[in-house]
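The values are calculated or read from the model by the stated rules, or taken from the named source; none is laboratory data. Computed from a predicted structure; not experimentally measured. Counting neighbours? That spans all protein chains shown, and the Cβs are built from the backbone with ideal geometry, glycine included. Note: areas computed on protein heavy atoms with side chains; ligands, DNA, RNA excluded. Shrake-Rupley method; radii C 1.70, N 1.55, O 1.52, S 1.80 Å.
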Amino acid sequence: KIVSMYVATIPNRNSPPAILLRESYRENGKVKTRTLANLSRWSPDKVEQLRRVLMNQPPKAKLQESFDITRSLGHGHVAAVLGTIGNLGLDTLIDPVPSRQRDLVCAMIVSQVIRPSSKLACARGLRAKSATSSLGEVLSLSSVDEDDLYEAMDWLAPRQSRIEAELAKRHLEDGTLVLYDMSSAAFEGKTCPLGKRGHPKDGVRGRLQIVYGLLAT
């Protein structure tokens with residue numbers, strides 16, 4: 001359990017002192033300390049800003065100016081979809097035993113909700129070096145390729161009938177028939193954020209289009 005996070009200045013003999021970001025935590029009733037980062041290369045102003053933030057004091061300048069952001073991965077949409085999967089119990093419905101294959105299936109579901117794409121693009125979005133969100137890190141899938149996703153789909157296939165039957169039991173009554181179809185519509189103009197180029201069903205090329213699905217009883 002984390003007790004606190006703070007900036008420590010450590011004497012370094014004849015060299016300048018080391019500036020370390022540390023946290024203290026309690027383990028088995030004892031308070032321990034570990035170093036999270038070496039801030040010795042930071043400017044004194046930046047160190048002071050962080051120190052004030054950790055002490056719940058207002059920064060002297062804008063907080064954004066206290067950090068050099070080298071990379072920022074979106075997380076809110078990932079947390080929302082994964083949280084919904086957990087609330088619905090969809091992960092345990094896919095398979096009651098946690099496994100890498102189940103996590104890969106859940107990752108593909110989340111990916112299709114937040115950013116529909118091919119399996120190759122999905123794998124790239126999960127890998128640490130090319131990640132487009134926090135999804136790969138959250139599910140510990142930072143090292144995958146498209147073959148892993150296809151193997152997960154093969155793993156899922158024998159479970160499909162059971163999953164569909166359970167979902168029908170939850171959400172359908174009296175043998176309700178559910179129909180689903182996808183289509184696309186091309187349109188003029190270039191400013192609609194939903195429009196993408198693709199393979200038009202009407203044969204008219206060169207225009208943006210929207211792909212949509214219809215679910216009906």
task = Take segment 64-118 and flag every residue that is within 24 Å of GLU151 (Cβ to Cβ) and surrounded by fewer than 12 Cβ atoms within 10 Å (Cβ to Cβ).
result = PRO96, VAL97, PRO98, PRO116, SER118
ask   = Could you say whether any residue in segment 157-176 is under 29 Å from GLY76 (Cβ atoms) and among the charged types (D, E, K, R)?
value = yes
request  = Look through segment 1-19, keep the residues that are under 29 Å from the mean Cα position of the chain (by Cα) and within 15 Å of LEU54 (Cβ to Cβ), and return whichever of them is least open to solvent (accessible area, probe 1.4 Å).
outcome  = SER4
query = For segment 120-134, what are the residues that are of a type outside the set (S, T, N, Q), in a loop (DSSP other than H, G, I, E, B) and within 13 Å of VAL78 (Cα to Cα)?
reply = ALA131
ask   = Given the residues GLU188, GLU137, GLU151, GLU164, which is the only one that is outside any helix (DSSP H, G or I) and of a type outside the set (A, V, I, L, M, F, W, C)?
value = GLU188
query = So which residues in segment 49-74 are modelled with pLDDT of 85 or more, closer than 30 Å to SER140 by Cα and out of contact with any helix residue (DSSP H, G or I) (no Cβ under 8 Å at 6 or more places or on another chain), if there are any at all?
reply = LEU54, SER72, GLY74
query = Only one of these conditions is not met by SER143: (1) touching a Ser or Thr at 6+ places or on another chain (Cβ under 6 Å); (2) part of a loop (DSSP other than H, G, I, E, B); (3) small (Gly, Ala, Ser). Which number is it?
reply = (1)
key: Flag if GLU166 is in contact (Cβ under 8 Å) with a residue 60 or more places away in the chain, among the acidic types (Asp, Glu) and out of contact with any strand residue (DSSP E or B) (no Cβ under 6 Å at 6 or more places or on another chain)   = yes
query = Restricting the first residue to segment 128-154 and requiring it to be open to solvent by 50 Å² or more (accessible area, probe 1.4 Å), which pairs with a second residue that is part of a strand (DSSP E or B) meet a Cβ separation below 8 Å and a spacing of at least six or different chains?
reply = THR132/GLY74
note = The one condition PRO44 fails out of (1) closer than 30 Å to PRO16 by Cβ; (2) touching a residue at least 12 places away in the same chain (Cβ under 8 Å); (3) open to solvent by 50 Å² or more (accessible area, probe 1.4 Å) is (2)
inquiry  = Take VAL105 and tell me if it is in contact (Cβ under 8 Å) with a residue 12 or more places away in the chain, touching a strand residue (DSSP E or B) at 6+ places or on another chain (Cβ under 9 Å) and assigned to a helix (DSSP H, G or I).
reply    = no
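For (1) more than 19 Å from VAL113 (Cα to Cα); (2) open to solvent by less than 100 Å² (accessible area, probe 1.4 Å); (3) at pLDDT 85 or above, each residue gets a yes or a no:
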site	(1), (2), (3)
ASP174	yes, no, no
SER183	no, yes, yes
PRO193	no, no, no
ASP202	yes, yes, no
ARG207	yes, yes, no
task = Filter segment 191-217 down to the residues that are part of a loop (DSSP other than H, G, I, E, B) and hydroxyl-bearing (Ser, Thr, Tyr), then identify the one that is farthest from LEU172 (Cα to Cα).
result = THR191
